[in-house]
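Participant: Mind looking over this structure? Questions follow.
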Amino acid sequence: MLWNASAMNGYTIEASDGRLGTVSDFLFEDASWIVRWLVVNTGSWLSGRKVLLPLAALGQPDPARREFPVKLTTQQVKESPGIDTDRPVSRQMEAHLYDHYGWDPYWGGRYYPMGDCLTPSLIAPLNRWESKSRDEANAHAQPTEGDPHLRSVEAVTGYHIHAVDGEIGHVEDFLLSDVGWSIRYVVVDTRNWWPGKKVLISPRSVREIDWERRLMHLDVNRQKVKHSPPYDWSVTADRAYEAQLHGHYGIGWTGF
C-alpha cells in the first residue's frame, strides 16, 4: 500500500504498552530511497524530546484511527540514546541506536528490504562526479559527523525539480510503500510551469540531487513529464496505473 508522507505527520505512535508520541518526519537514505528512521515527537511524555525508531520496528499504519503501531515498548524508547534531530544524524549515533534496540545496522551487510520496494540495483545511479564525491565524503567522515546519505523527507519537500531542458515544478510530497518502507514516487507540483497539474516521478527518473542548491534533476525532458498520466490519488495504488506510468517513462515494470 502507498502512503502520503505528509498525511502521516501527526499519526499517533502506539507501542505495545502505550503511546509514544506522534510522527514528525522520515529519514531516508538517498542512495537507495529507503526509509531508515521514523522521527517521533514524544510531546510531554519525554519533555518534548524527539526519538528515532528503526525501520524494523514499524508496523502497519491505521488510517482510520491515524495510528502507527511499532514493535517496541515505551521503556525501550525511554531508555534509547538521546538525539538532536535539528542536527545531522551521525553514523556513530545510528550505531548506538541499533545496538540499543538489538538490531544489525543496515550498512553492516547486504540487508535491503524486498517486496515492492526499490533495491539498489534498480536505482538510477547518481552522476559519476557526485557518486565519487559522496564516496570520498563518506570515507573521510568522522563517526560523529552527519551521515552524508541520510536525508529528511520534510527538508527535501519544496526542492525545485529540473528536467533536462528546464524547471518543471517542486517537490510537494512523497509516496511511501509500506512493504520495505521505500519511497515509491515523488509528487511534483507543476503549478508555476503548467497550472493545475501534479505528476508522479519515480526515483528511477532522478539523475542527481543538488543538496546545496535544493534542486532535483531528472533524466527526462519537460514534454515527457507534461504528457505523463495525470496524478490521481484514488487510482495511484492501482497496478494498471503504475504499469502505465512506468511504461510512459520507459523504466520498465516489474510488478513490485
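Participant: Can you compute the FRET efficiency between residue 223 and residue 66 using 1/(1 + (r/R0)^6), with r the Cβ-Cβ distance and R0 = 45 Å? Round to the nearest 0.05.
Facilitator: 0.70
Participant: Sticking with this one: Modelling each spin label as a point 7 Å along the Cα-to-Cβ direction, I'd like the residue 16/residue 248 distance in nm, to one decimal.
Facilitator: Roughly 4.5 nm, to one decimal.
Participant: Counting only other residues whose beta carbon sits under 10 Å from that of residue 222, what net charge do I get with K and R as +1, D and E as -1?
Facilitator: 0
Participant: What residues have an amide H closer than 5 Å to that of residue 159, excluding those fewer than 5 places away on the same chain, when H is modeled at 1.01 Å from N in the peptide plane?
Facilitator: Under 5 Å from the amide H of residue 159 lie the amide H atoms of 171, each far enough along the sequence or on another chain.
Participant: Another question about this same structure. Please find the FRET efficiency linking residue 73 to residue 191, where r is the Cβ-Cβ separation and R0 is fixed at 51 Å, and quote it to the nearest 0.05.
Facilitator: 0.70
Participant: Checking the cross-link filter: which lysines have an alpha carbon closer than 20 Å to that of residue 197, excluding same-chain neighbours under 8 positions apart?
Facilitator: Qualifying lysines at Cα under 20 Å: 224, 226.
Participant: Once you have the Cα-Cα distance between residue 215 and residue 238, take 0.36 nm times their residue separation minus that, and quote the gain in nm to one decimal.
Facilitator: Going from the current span to full extension adds 5.3 nm.
Participant: A further question on this structure: When Lys and Arg each count +1 and Asp and Glu each count -1, what net charge do the other residues less than 12 Å away from residue 46, Cβ to Cβ, add up to?
Facilitator: +3
Participant: By how many nm would the segment from residue 204 to residue 2 grow when fully extended, if each residue of separation counts as 0.36 nm and the alpha-carbon distance is taken off?
Facilitator: Contour length minus the Cα-Cα distance gives 71.0 nm.
No value in this document is a laboratory result; all are computed from the given coordinates. What you are looking at is a predicted structure, and each value in this text was computed from that prediction instead of being measured. Positions of Cβ are generated from backbone atoms using ideal geometry, with glycine treated the same way; all protein chains shown enter the neighbour counts.
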